Structures are given as C-alpha cells and as structure tokens.
1. If you go through region 84-101 one residue at a time, do you hit one that is surrounded by 13 or more Cβ atoms within 10 Å (Cβ to Cβ), within 18 Å of Ile37 (Cα to Cα), among the charged types (D, E, K, R) and without any contact (Cβ under 8 Å) to a residue 40 or more places away in the chain?
2. Being of a type outside the set (A, V, I, L, M), at pLDDT below 90 and either part of a helix (DSSP H, G or I) or touching a Gly at 6+ places or on another chain (Cβ under 6 Å) (or both) is the requirement here; does Thr128 meet it?
3. What number of residues in region 103-113 are surrounded by 12 or more Cβ atoms within 10 Å (Cβ to Cβ), in a helix (DSSP H, G or I) and not hydroxyl-bearing (Ser, Thr, Tyr)?
4. Can you name the residue in region 67-102 that is β-branched (Val, Ile, Thr) and assigned to a strand (DSSP E or B) and, of all such residues, is farthest from the chain's Cα centre (by Cα)?
5. Within region 15-47, take every residue that is part of a helix (DSSP H, G or I) and aliphatic (A, V, I, L, M) and give me the one that is modelled with the highest pLDDT.
6. Please work out which one of (1) closer than 18 Å to Arg84 by Cα; (2) modelled with pLDDT of 75 or more is the condition Ile70 fails and give its number.
7. Any residue at all in region 48-66 that's modelled with pLDDT under 95, outside any helix (DSSP H, G or I) and either under 20 Å from the mean Cα position of the chain (by Cα) or surrounded by 13 or more Cβ atoms within 10 Å (Cβ to Cβ) (or both)?
Amino acid sequence: MENPAHTASPTAENCPVAPWDTAPIDPRVERLVNDLIGRIADKWTLLVLELLEEKGTLRFTQIARQVEGISQKMLTQTLRQMERDGLATRTVHPVVPPHVDYALTPLGNSLSAAFCGVWAWAETHLDTVEAARARFDTRD
C-alpha cells in the first residue's frame with residue numbers, strides 16, 4: 001500500500017480525516033488542526049522544530065545563535081508554546097549560571113516527520129512553482 005505522505009495531494013482515499021468527508025468532524029479535532037496550522041505555519045516554530053530535530057537537545061543560547069533573526073523574546077515565546085503543546089521539553093539544571101536545555105518530545109518528533117512531506121513536495125515541485133511564479137510576474 002502506498003504511503004499517503006508521499007502522494008501528490010490529499011484525497012478522500014489517502015487522508016484519514018479529510019475535510020471533504022460527509023461524516024461530521026469532531027469540533028475539538030478541527031480546533032486543534034486550525035490551532036496547530038496557525039502555530040506551525042509560524043516560521044519561528046518551524047525553524048526551531050527543524051533545528052531540534054536535526055541537532056537534538058540544545059541550550060537556549062545555542063538555539064538563539066542558530067535561528068537567524070529571532071529575538072530573545074520571540075524565542076522564549078516560541079519555546080514556551082512548543083512546551084505547552086507537548087512538542088518540546090524544557091530541562092532546568094540547578095547550576096550557576098542557569099543551564100536550560102530544550103529537546104523535542106516524541107510528539108514533536110512525529111510533527112517534524114510530518115513536515116518531511118512538505119520538504120519532499122517542495123523539492124519535487126520547485127521548478128514548476130518557480131516557472132508558475134515567473135509566468136505570473138511577467139503577465140500583463
């Protein structure tokens with residue numbers, strides 16, 4: 001059986017909870033999907049998620065140095081929200097100066113894996129998207 005994550009686009013056959021189904025969708029699931037899409041579509045969350053997936057456990061300062069352009073306030077907010085959603089853990093080590101580590105949880109790792117499909121799609125369709133953008137940008 002083909003892996004639904006590797007198909008060109010979602011259909012009723014390959015999406016377990018498709019919005020076009022006639023069966024009613026649990027409103028709690030719909031709220032969670034909308035909430036997560038809004039949060040994960042935030043570039044900072046995606047960048048931190050990707051970094052922690054690639055590098056593993058990191059200190060706050062290491063994350064700040066590797067996520068270009070993020071302010072300390074935005075990084076703090078992003079990490080707190082990821083922790084609240086169960087995507088990351090925060091471990092405070094009782095030393096002076098304070099040492100705080102962040103790591104993805106299994107839930108965070110599974111979300112990161114889900115976004116692999118987006119990367120694969122982008123890689124596959126890069127030339128087509130760029131050509132479409134060029135056509136659009138040069139039309140009268």
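1. Scanning region 84-101 turns up no residue that is surrounded by 13 or more Cβ atoms within 10 Å (Cβ to Cβ), within 18 Å of Ile37 (Cα to Cα), among the charged types (D, E, K, R) and without any contact (Cβ under 8 Å) to a residue 40 or more places away in the chain.
2. Working: of a type outside the set (A, V, I, L, M): yes; at pLDDT below 90: no; either part of a helix (DSSP H, G or I) or touching a Gly at 6+ places or on another chain (Cβ under 6 Å) (or both): yes.
In short, no.
3. First, pick out the residues of region 103-113 that are surrounded by 12 or more Cβ atoms within 10 Å (Cβ to Cβ): 103-105, 107-109, 111-112.
After this cut, where a residue has to be in a helix (DSSP H, G or I) as well, the list is 107-109, 111-112.
Imposing the further condition that a residue be not hydroxyl-bearing (Ser, Thr, Tyr) reduces the set to 107-109, 111.
Summing the residues that are surrounded by 12 or more Cβ atoms within 10 Å (Cβ to Cβ), in a helix (DSSP H, G or I) and not hydroxyl-bearing (Ser, Thr, Tyr) in region 103-113 gives 4.
4. Narrowing region 67-102 to residues β-branched (Val, Ile, Thr): 67, 70, 76, 78, 89, 91-92, 95-96, 100.
Then keep just the ones that are assigned to a strand (DSSP E or B); that gives 89, 91-92, 100.
Numbers: Thr89: 16, Thr91: 21, Val92: 24, Val100: 22 Å.
Across region 67-102, the extreme among qualifying residues is Val92.
5. First, pick out the residues of region 15-47 that are part of a helix (DSSP H, G or I): 27-40, 43-47.
Okay, now just the ones that are also aliphatic (A, V, I, L, M), so 29, 32-33, 36-37, 40, 46-47.
Working: Val29: 78, Leu32: 77, Val33: 76, Leu36: 73, Ile37: 76, Ile40: 68, Leu46: 87, Leu47: 90.
Here the residue is Leu47.
6. (1)
7. No, because not a single residue in region 48-66 is modelled with pLDDT under 95, outside any helix (DSSP H, G or I) and either under 20 Å from the mean Cα position of the chain (by Cα) or surrounded by 13 or more Cβ atoms within 10 Å (Cβ to Cβ) (or both).
The values are calculated or read from the model by the stated rules, or taken from the named source; none is laboratory data. Nothing here was measured: the structure is a model prediction, and the numbers come from that model. Please note: Cβ atoms are built from the backbone with ideal geometry, for glycine as well, and neighbour counts cover all protein chains shown.
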